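Asker: The structure's right below; bear with me while I get my questions together.
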Amino acid sequence: MGAEANASFNFLIYGRTGWIGGLLGKLCESQGISYTYGSGRLQDRQSIVSDIETVKPSHVFNAAGVTGRPNVDWCESHKVETIRTNVAGTLTLADICREKGLVLINYATGCIFEYDAGHTLGSGVGFKEEDTPNFTGSFYSKTKAMVEELLKNYENVCTLRVRMPISSDLSNPRNFITKIARYEKVVDIPNSMTILDELLPISIEMAKRNLTGIYNFTNPGVVSHNEILEMYREYIDPSFTWKNFTLEEQAKVIVAPRSNNELDATKLKTEFPEMLSIKESLIKFVFEPNKKTGVKA
């Protein structure tokens, strides 16, 4: 699409202070797409209506939400705050967008599944978009699964299931690579993950195509913690070392269990055939660009 075509779009983005929200603004700038960050609180209906009336957007993006700081364990002890934003807020935004005839691109989570008898670790059988979430180990994941179920009734919503997001910015503490590189010990389990440098531009394209429904928003295939850290050692820091521990050992240092799964990315890959597999995307978008600089996490 040329610059003229992009000029016809006008995005309203929620989540200015968030990682994905911040990157979306930069992408709009680089593509010449007009955008505004919403100032309203998601759970305050009138403030959202006011944003939409002021901005008159062509599409709305929701990258706001509570994930907890420093991690999702925060949500276990802040349940009402988590519900207020992740459930009430998201539904309010979807409802207003439906009233106004707007497509809402909603960045959700794929951490609502865990390996089970039908989707065993290493089998290559991933959870599909229409599968029922089976992971309720953390309150964060529980609220996300509830919202996803309710949003299925909104034909104007495109739900993108993000997992363990990674970007080329290795100094960002939210980056999955940066997180595990700083941990004292890591588990080693293959997972589906989202390379933001490749997939966020795809989400903008999805808005332009007015796609709706649920999408597993991950690169095809899985990668394990150790495979990522081996790449980190190879490309970034040859002296890097790490220690593994088991899920049982990990359970002793976290409040809520974590989700591990493979999501089937066929639906997204069919729409965007050029999308790279997780390991190819890691090398092309994350490790190669950082190789020369050797930025330490």
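The values are calculated or read from the model by the stated rules, or taken from the named source; none is laboratory data. For clarity, every value in this text was computed on a predicted model and none was experimentally measured. Please note: Cβ atoms are built from the backbone with ideal geometry, for glycine as well, and neighbour counts cover all protein chains shown. Areas reflect the complete protein model, heavy atoms only, side chains present, ligands, DNA and RNA absent. Shrake-Rupley method; radii C 1.70, N 1.55, O 1.52, S 1.80 Å.
Asker: Residues of the range 12-58 being in contact with a helix residue (DSSP H, G or I) (Cβ under 6 Å, 6 or more places away or on another chain), under 11 Å from residue 204 (Cβ atoms) and open to solvent by less than 30 Å² (accessible area, probe 1.4 Å), which ones?
Answerer: Across the range 12-58, the qualifying residues are 13, 33.
Asker: Of a type outside the set (Phe, Trp, Tyr) and open to solvent by 60 Å² or more (accessible area, probe 1.4 Å) - does that describe any residue in the range 92-99? Step through it out loud before you land on a result.
Answerer: First pass over the range 92-99, keeping only residues of a type outside the set (Phe, Trp, Tyr): 92-99.
Now narrow it down to the ones that are open to solvent by 60 Å² or more (accessible area, probe 1.4 Å): 98-99.
Checked the range 92-99: at least one residue is of a type outside the set (Phe, Trp, Tyr) and open to solvent by 60 Å² or more (accessible area, probe 1.4 Å).
Asker: Where in the range 198-289 are there helices (runs of 4 or more DSSP H), lying wholly inside it, with at least 2 residues that are within 21 Å of the chain's Cα centre (by Cα)? Give the steps one after another, and end with the answer.
Answerer: Numbers: elements: 225-235, 247-251, 266-271, 278-281.
Where helices (runs of 4 or more DSSP H) fall fully within the range 198-289 and carry at least 2 residues being within 21 Å of the chain's Cα centre (by Cα), they are 225-235, 266-271, 278-281.
Asker: Another one. Given (1) in contact with a Phe, Trp or Tyr (Cβ under 7 Å, 6 or more places away or on another chain); (2) open to solvent by less than 10 Å² (accessible area, probe 1.4 Å); (3) among the β-branched types (Val, Ile, Thr), identify the lone condition not met by residue 204.
Answerer: Failing condition for residue 204: (1).
Asker: Can you spot a residue in the range 103-111 that is open to solvent by less than 20 Å² (accessible area, probe 1.4 Å), of a type in the set (Val, Ile, Thr), touching a helix residue (DSSP H, G or I) at 6+ places or on another chain (Cβ under 8 Å) and over 24 Å from residue 47 (Cβ atoms)?
Answerer: Within the range 103-111 (the criterion being open to solvent by less than 20 Å² (accessible area, probe 1.4 Å), of a type in the set (Val, Ile, Thr), touching a helix residue (DSSP H, G or I) at 6+ places or on another chain (Cβ under 8 Å) and over 24 Å from residue 47 (Cβ atoms)), the answer is yes, since at least one residue qualifies.
Asker: Pick out the one residue from 192, 123 that is polar (S, T, N, Q), touching a Gly at 6+ places or on another chain (Cβ under 9 Å) and within 30 Å of residue 288 (Cα to Cα). Full working, then the answer.
Answerer: Numbers: 123 fails: touching a Gly at 6+ places or on another chain (Cβ under 9 Å).
The conditions single out 192.
Asker: Let me ask something else about it. Does any residue in the range 210-229 that is over 19 Å from residue 196 (Cα atoms) come within less than 9 Å, Cβ to Cβ, of a residue that is acidic (Asp, Glu) and open to solvent by less than 30 Å² (accessible area, probe 1.4 Å) six or more places away or on a different chain, and which pairs are these?
Answerer: 213/129
Asker: Could I ask something else about it? Against the condition out of contact with any Asp or Glu (no Cβ under 9 Å at 6 or more places or on another chain), open to solvent by less than 20 Å² (accessible area, probe 1.4 Å) and part of a strand (DSSP E or B), how does residue 160 come out, does it pass? Walk me through how you get there before you give the answer.
Answerer: Values: out of contact with any Asp or Glu (no Cβ under 9 Å at 6 or more places or on another chain): yes; open to solvent by less than 20 Å² (accessible area, probe 1.4 Å): yes; part of a strand (DSSP E or B): yes.
Here the answer is yes, as residue 160 does meet what is asked.
Asker: Limited to the range 208-227, what total is found for residues that are crowded, with 20+ Cβ neighbours inside 10 Å and touching a strand residue (DSSP E or B) at 6+ places or on another chain (Cβ under 8 Å)? Working first, answer last.
Answerer: Going residue by residue through the range 208-227, those that are crowded, with 20+ Cβ neighbours inside 10 Å are 214-220, 222-223, 225.
From what's left, touching a strand residue (DSSP E or B) at 6+ places or on another chain (Cβ under 8 Å): 214-219, 222-223, 225.
So the count comes out to 9.
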